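The values are calculated or read from the model by the stated rules, or taken from the named source; none is laboratory data. Small disclaimer: the values here were computed from a predicted structure and weren't measured. Cβ coordinates were reconstructed from backbone atoms using ideal geometry, including for glycine residues, and neighbour counts include every protein chain displayed. Ligands, DNA and RNA are excluded from the accessible area calculation, which covers all protein heavy atoms including side chains. Shrake-Rupley method; radii C 1.70, N 1.55, O 1.52, S 1.80 Å.
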Amino acid sequence: VSFREFAMSNFRRSRCPFCKSKLEPGQRIHPACIGGYAEAQAAKAARTDAKKARDAAKVDRALTKKRKEAIKTIPDLIKEAQREFNAYIRARDADQLCICCGNPLGTGEVGGAFDCGHYRSTGSASHLRFDERNAHAQRKVCNRWGAGRAVDYRIGLVARIGLEAVEALESDNTPHKWTREGLIEVRDTYRAKLKDIQKGETC
């Protein structure tokens, strides 16, 4: 904005637009304020341009995320959903003992790390991979090097959820085909459930 344009658009101005002090008759801006006002206007324009650029980048990121989501395969979505589900189970059971050996999860030769261990494995019973009854915190030494310790796992599982629930899991062989929508729902549901636990821990 040129000084002339500014002066013409503010013909009746009584106070300086930069320093806000009173103007003399006929003045539209104090001569000493012209440079400062121009700089302020330039800075304002720069902030406006920066905001537009941030908004455009935000829209671009959203479109990119949408495009990436659209090309994900079923195996990709299973991995994502499993990651969120496993993280939730580990958080849910963090204060429990290992489901199969009964020791604190933080003990053992592998330190404090522990897994989300499945009673019926995701390989043999993929339809139960996201069933909370079928998944519990398990020390890595039991889950990875103890072949899951199925017998001990069952004993611990019966004690935790009851014999009837365990037998229901064991007899459940209903075929299930995972869809994109179903896997996205599982992923987002357990991501939200994990956040709820984490919020509770920080309150």
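Given the criterion outside any loop (DSSP other than H, G, I, E, B), within 25 Å of the chain's Cα centre (by Cα), farther than 24 Å from Leu169 by Cβ and not polar (S, T, N, Q), identify the matching residue among Lys44, Lys58, Lys72, Lys79.
When all the criteria are applied, what remains is Lys58.
Starting from region 107-129, take each residue that is more than 12 Å from Glu170 (Cα to Cα) and at pLDDT below 75 and list its partners that are of a type in the set (A, V, I, L, M, F, W, C) and buried (at least 17 other Cβ atoms within 10 Å of the Cβ), counting only C-beta distances under 8 angstrom and pairs at least six apart or across chains.
Gly108/Val141; Glu109/Val141; Val110/Val141; Gly112/Leu105
Is it the case that region 45-55 has a residue that's small (Gly, Ala, Ser) and in contact with a strand residue (DSSP E or B) (Cβ under 6 Å, 6 or more places away or on another chain)?
Checking region 45-55: not a single residue is small (Gly, Ala, Ser) and in contact with a strand residue (DSSP E or B) (Cβ under 6 Å, 6 or more places away or on another chain).
Exactly one condition in (1) modelled with pLDDT of 95 or more; (2) closer than 15 Å to Asp131 by Cα; (3) out of contact with any Asp or Glu (no Cβ under 9 Å at 6 or more places or on another chain) is not met by Leu163; state its number.
Evaluating Leu163 over (1) modelled with pLDDT of 95 or more; (2) closer than 15 Å to Asp131 by Cα; (3) out of contact with any Asp or Glu (no Cβ under 9 Å at 6 or more places or on another chain) leaves (2) as the failure.
When only residues in region 160-178 that are part of a loop (DSSP other than H, G, I, E, B) and touching a residue at least 12 places away in the same chain (Cβ under 8 Å) count, which is farthest from Cys100 (Cα to Cα)?
Checked region 160-178; the qualifying residue farthest from Cys100 (Cα to Cα) is Trp178.
List pairs: first in region 15-28 and closer than 17 Å to Gln41 by Cβ, second of a type in the set (Val, Ile, Thr), Cβ under 7 Å, 6+ apart or cross-chain?
Listed pairs, sorted by first residue: Cys16/Ile29; Pro17/Ile29; Phe18/Ile29.
Can you tell me which residue in region 21-72 is nearest to Ile184 (Cα to Cα), limited to those that are open to solvent by 50 Å² or more (accessible area, probe 1.4 Å) and β-branched (Val, Ile, Thr)?
The qualifying residue nearest to Ile184 (Cα to Cα) is Ile71.
Identify, from the list Leu157, Leu183, the residue that is in contact (Cβ under 8 Å) with a residue 60 or more places away in the chain and either open to solvent by 50 Å² or more (accessible area, probe 1.4 Å) or in a helix (DSSP H, G or I) (or both).
Leu183
I'd like the full set of residues that are in contact with a helix residue (DSSP H, G or I) (Cβ under 8 Å, 6 or more places away or on another chain) and open to solvent by 40 Å² or more (accessible area, probe 1.4 Å), limited to region 123-154.
Scanning region 123-154 gives Glu132, Arg133, Arg149, Asp152, Arg154.
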